[in-house]
Amino acid sequence: MGLNLHSIVRPAINSVNPDVLGVWRRSTGQTTAADGKRTPTFATVPAVRLQVQAASGDDLQHIDYMTQQGVYRKVYAFGDVEGQVRPDLKGGDILQFAYGGSTRDWLVVHVLETWAPDTVGWCSVLVALQAVTLP
């Protein structure tokens, strides 16, 4: 098992920018109704500590500025938060945390870094604020 530097520096980071508690809605795929309408399904992980930061220009270059409109944040989290995984028919995880005075849905649009996803690792993801609460 390697050295988890993220867990070492996290206290120093929190002294400047404290973690927020949020909800992690892990995409589990979808269900299809008789009329063909698809509805995404999620498993909820409550009370996840999230380190939310502004998205830099370098972060946005990872997605080639394809969706410039909107509000983006970079989030560090312990665990394996995922974006869209087409082979598994998953549409992307959702993080829920406070923004502008209310809890909002943030869709994972890009995984920037992931370390030791099969253990208690950590990841860095780019999230986009959603206009509506997803099912």
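Only the coordinates and a few stated rules stand behind these numbers; no lab work does. What you see is a predicted model, and the numbers here were worked out from it, not measured in a lab. A quick note on method: Cβ atoms are made from the backbone with ideal geometry, for glycine too, and the neighbour counts reach across all protein chains shown.
Toward the positive end of the charge dipole of the range 5-129, with +1 on the Cβ of Lys and Arg and -1 on the Cβ of Asp and Glu, the farthest Cα among ALA128, GLY101, PHE78 is that of GLY101.
Exposure proxy shown here: for LEU126, LEU95, the number of other Cβ atoms within 10 Å sets the order, fewest to most, as LEU126, LEU95.
Between the amide H of TRP122 and those of GLY79, TRP115, distances stay under 5 Å, these residues lying 5 or more places away or on another chain, with hydrogens modeled in the peptide plane. Count Lys and Arg as plus one, Asp and Glu as minus one, and take only other residues whose Cβ is under 11 Å from that of THR31; the net charge is then +2.
Mind ranking 102-112, 30-40, 84-94, 15-25 by how tightly packed they are, going by the mean number of other C-beta atoms within 10 angstrom, highest first?
In decreasing order of mean packing, 102-112, 30-40, 84-94, 15-25 become 102-112, 84-94, 15-25, 30-40.
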